[in-house]
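Below is one structure, written out as structure tokens; comments come after it.
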Amino acid sequence: SNPHLKGKLVQLLSIGSMPLADDSPGFMMDVFETNDLVRDNLLYAFLDFYVIVEKTGSSSQFYDKFNSRYSISIVLEQLYHRIPIYREQLVWQAKNNSDFFVRFVARMLNDLTFLLDEGLSNLTEVHSIQNELDNRARGLPPVREEDEKELRSKLASAERQAKSSIGLADKSITLFEIYTKDIPSAFVTPEIVDRLASMLDHNLESLVGKKSGELKVNDPQQYSFNPKELLKSLTTVYIHLSNEHDFVSAVARDGRSFKRELFERAVHILARKIGLVSDEFCQKLLNFTNKAEQERLLEEEEEIGYGDAPEEFLDPLMYTIMKDPVTLPASNVNIDRSTIKAHLLSDSTDPFNRMPLKLEQVIPNEELKQRILEYKMQKKQLK
């Protein structure tokens, strides 16, 4: 039960799973495949530790978890690709142990969101400092206030953090790619789907939007940064989930970052400029974009129709009309079930008074739910 010892063991197993120089299976893969005890327990143990390593009791637990999860991701990727029984086990967990698997997906999503944001922010800082130093070397007046020694110190720090965050994010995005292909339904649950859509849209904008030039740095490989491959990975996830209506709707609802032109720009870069993807890939991505745009227009029309909704019908955190309102026992606040489920995935307290809270303690508010349904029916009859 010692998380630090488990972390070391996970690191050892990840080394044993890494492909050899000729791409043959790692030296422990045979044990993973043929040992009955290992085969029956390894996958669940990895998924479980991925979730619980969030809290190790150490003062450095926030950063320790990324290292452990990086090692776990290496093993999970190799098991999934090389040993069919583990792929079957993973699909089984997603279908039959859904609450547990959603917690695993939520941890993956939290990590990827943080790591990409941290990594790309640090790359922007590297870009800024490199430009400043280049301009000063050419005799141009300084734009930033720091002297050269301070700039070089900040540059070294940003470079270290960018390399670490981007490198750790690389394995997380790989798992998103392979898992969304075979078990897309696990990524569109109400407590996951909006955050996933927001994360993808935000990073798509970072890579191809107006400020994407701020990510251009000298020798990007030094930071494990391959923007073209990262763009391909993100857009692959969109395609894998493109037949899931809840995901299309979630992307459409993301008023902050979803823009059709970003997807068109991504297609231009991936296919026209660098030839990294096929015409079929581009068409699928554009088809998804069209579906999301149509859904966005429908959402806008519906929101206008519900503009006079009573405040008690609105989720207090998301400010959208609740679909399944529940009452929190300690604070007595009404909130949508999907919202509180999403919150409890990473914080086991009532968000309004910080009292301990479990999902099974929330109280369905059937009376409020019925009034919301009646309100919506009246609105539809008036159209």
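Annotations
- Of the peptides 225-231, 80-86, the ranking by mean beta-carbon count within 10 Å, highest at the top, reads 225-231, 80-86.
- Centre-to-centre, using Cα atoms only, region 312-364 and region 238-295 are separated by 32 Å.
- Placing a pseudo-label 7 Å from each Cα along the Cα-to-Cβ vector at residue 256 and residue 279 gives an inter-label distance of 3.9 nm.
- Theoretical FRET efficiency, 1/(1+(r/R0)^6), r = Cβ-Cβ of residue 363 and residue 1, R0 51 Å, to 0.05: 0.90
- Ordered from longest to shortest, the equivalent ellipsoid semi-axes for region 1-76 are 24, 14, 9 Å, each the square root of 5 times a Cα gyration tensor eigenvalue.
- Value in Å of the Kirkwood radius, where the chain supplies the Cα pairs that are averaged: 23.3 Å
- Exceeding the 32 Å Cα-Cα cut-off - candidates 259/379; 284/379; 95/284; 95/380; 358/379: 284/379; 95/380; 358/379
- Counting Cα-Cα pairs of region 311-381 in 10 Å increments starting at 0 gives whole-percent bin shares of 22, 52, 21, 6, 0.
- Rounded to the nearest 10 square angstrom, residue 168 shows an accessible area of 30 square angstrom against a 1.4 Å probe.
- Candidate residues 30, 315: accessible-area rank, largest first, probe 1.4 Å: 30, 315
- Label point of residue 96 set 7 angstrom out along Cα-Cβ; within region 66-87, amide nitrogens under 14 Å from it belong to 86-87.
- Accessible surface calculations at 1.4 Å, restricted to protein heavy atoms, place the chain at 53 Å² per residue.
- Estimated at the nearest 10 Å², the accessible area of residue 355 is 100 Å² with a 1.4 Å probe.
- Estimated FRET transfer efficiency when R0 is 25 angstrom, pair residue 85-residue 12 (beta carbons, to 0.05): 0.70
- Percentage of interatomic Cα-Cα distances in region 226-383 larger than 20 Å: 62 percent
- Among the listed pairs 8/232; 163/211; 55/323, those whose Cα-Cα separation exceeds 28 Å are 8/232; 55/323.
- Protein-only accessible surface at a 1.4 angstrom probe places the residues 253, 107 in the order 253, 107, largest first.
- When a 1.4 Å probe is rolled over the protein heavy atoms, the share of accessible surface on region 271-314 that falls to carbon and sulfur comes to 46 percent.
The values are calculated or read from the model by the stated rules, or taken from the named source; none is laboratory data. The model shown is predicted, which means the values in this text are computed figures rather than measured ones. Glycine also receives a Cβ, built like all others from the backbone with ideal geometry; neighbour counts cover every protein chain displayed. Just the protein is used for accessible areas: all its heavy atoms, side chains included, with ligands, DNA and RNA removed. Shrake-Rupley method; radii C 1.70, N 1.55, O 1.52, S 1.80 Å.
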